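To start, the structure under review is shown below, and the notes come after it.
The values are calculated or read from the model by the stated rules, or taken from the named source; none is laboratory data. Here the structure is a predicted model, which means the values were calculated and not measured. Glycine gets a Cβ as well: all are built from the backbone with ideal geometry, and neighbour counts include every protein chain shown. Heads up: the accessible areas ignore ligands, DNA and RNA and are worked out on the full protein's heavy atoms, side chains in. Shrake-Rupley method; radii C 1.70, N 1.55, O 1.52, S 1.80 Å.
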Amino acid sequence: MLTDLVQVPGLETAALYRPAGRQDMVGGDWYDLYPLPGGHGAWAVTVGDITGHDLRAATLMGQVRSMLRQADLDHPGRPPHQAVEALVQACQTLGLPAGGTLVHAHLTPRPAGHWQLSWTNAGHPPPLLTHPGAPSEPAEQLQAHDILLHPALPPTPRTTHTRLLAPGSTLLLYTDGLVEHRGQDLDAAVGEAAHRLAAASTGTPLDDVLQHLAGTVAPVHPEDDTVLFAVRIAPLPPSAQ
């Protein structure tokens, strides 16, 4: 059920999924990457977490993922929060008992190798963003968020936030399985992930970066599924810097 990543000109992408289930080995965490309509070279990026660690959660996740894709396709040129609002409305109308969190983002190419990030956060852990030329600083935590998804909560207005990402920037989306440790501080774990992400060289393959984060930040015996999805804006060649 996992999305097969495709090559996107100007971007490097990588994903990692580790289930926590001892029997079914599936859960409600997912990542997604797909092109947006309109011919502008924009892409949608999502990481989400439907509550549960079993086949029921995986089934709900598959429905939510497909519905969010359809919402994007039905709202071309609209910000990502409108797709999430449409998803919530559809779940309410159809009686789909999907609860959880997600970050849904659009990445649009801009001049000089930059990309515009537009994202909406439904109660999810903060995305991490590194800035080129600042390896000694931890990755920035994009803290803005709206309410999570829950079948008992009525639809509410949501918000989209935007940032311009410079060449060499890295964006990390992840689920709480990476940073939730029994008896340990959640903010401290997010901070550790931010430091380790920023310390990774832009020349290190993203697959290796994700394996390092999962091996050093995540619990040794995780009780929750873990998804990591990273996007790196291609650095400019030396001749263009």
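So which helices of the chain fit the span-like rule, where a helix is a whole DSSP H run, its Cα atoms reach 18 Å or more along the axis, and its mean Kyte-Doolittle is at least 1.0? Provide the component values of the computation, followed by the final result.
On the way: long enough: 55-74 (28 Å, -0.04); 80-94 (21 Å, 0.29); 186-199 (20 Å, 0.54).
Result, helices passing both filters: zero.
For segment 1-104, what is the accessible area per residue in Å², given a 1.4 Å probe and the full set of protein chains?
Working: 4820 Å² over 104 residues.
For segment 1-104, the per-residue accessible area is 46 Å².
Shape call for segment 88-228 from the C-alpha gyration tensor, a ≥ b ≥ c root eigenvalues: rounded (a/c under 1.5), prolate (a/b greater than b/c) or oblate?
The shape class here is oblate.
Only four residue types carry charge here, +1 at the Cβ of Lys and Arg and -1 at the Cβ of Asp and Glu. Report the dipole size of segment 123-204 about the Cα centre in Debye, rounded to the nearest 20.
Values: 4 positive and 8 negative charges, 46 e Å.
That gives segment 123-204 a dipole magnitude of about 220 debye.
So what is the relative contact order of segment 24-163, in percent, for Cα pairs below 8 Å that sit 6 or more residues apart?
23
I'd like to compare 164-176, 180-192: which one has the highest average count of other Cβ atoms within 10 Å, and what's the full order after that?
By packing density, highest mean first, the sequence is 164-176, 180-192.
Quick check on segment 150-228: take the gyration tensor over C-alpha atoms, sort the square-rooted eigenvalues as a ≥ b ≥ c, and tell me if it's rounded (a/c under 1.5), prolate or oblate.
oblate
Using a cut-off of under 19 Å, list every residue of segment 107-141 whose amide N is near the label point 7 Å from the Cα of residue 199 along the Cα-to-beta-carbon line.
Of the residues in segment 107-141, 128-141 have backbone N under 19 Å from the label point off residue 199.
Of the options 80, 150, 109, report the single residue whose Cα projects farthest towards the positive end of the charge dipole of segment 73-167 (beta-carbon charges: Lys, Arg +1; Asp, Glu -1).
109
Solvent-accessible area per residue for segment 125-196 at a 1.4 Å probe radius, Å²?
Ligands and nucleic acids excluded, the result is 51 Å² per residue.
With a cut-off of 8 Å between alpha carbons and a minimum separation of six or more residues, what is the relative contact order of the chain in percent?
Answer for the chain is 25 percent.
Within the accessible area of the chain, what % is carbon and sulfur when the probe is 1.4 Å and the other protein chains stay in place?
Here it works out to 54 percent.
Mind putting a number on the dipole of segment 170-241 about its Cα centre? Charges go on the C-beta only, +1 for Lys and Arg and -1 for Asp and Glu, and I need it in Debye to the nearest 20.
Dipole size: approximately 380 debye.
Students often get this wrong, so try it: which of (1) 63, 40, 33; (2) 56, 44, 29; (3) 56, 39, 32 is Cα extents along the principal axes in Å as calculated from the structure shown?
It is the value labelled (2).
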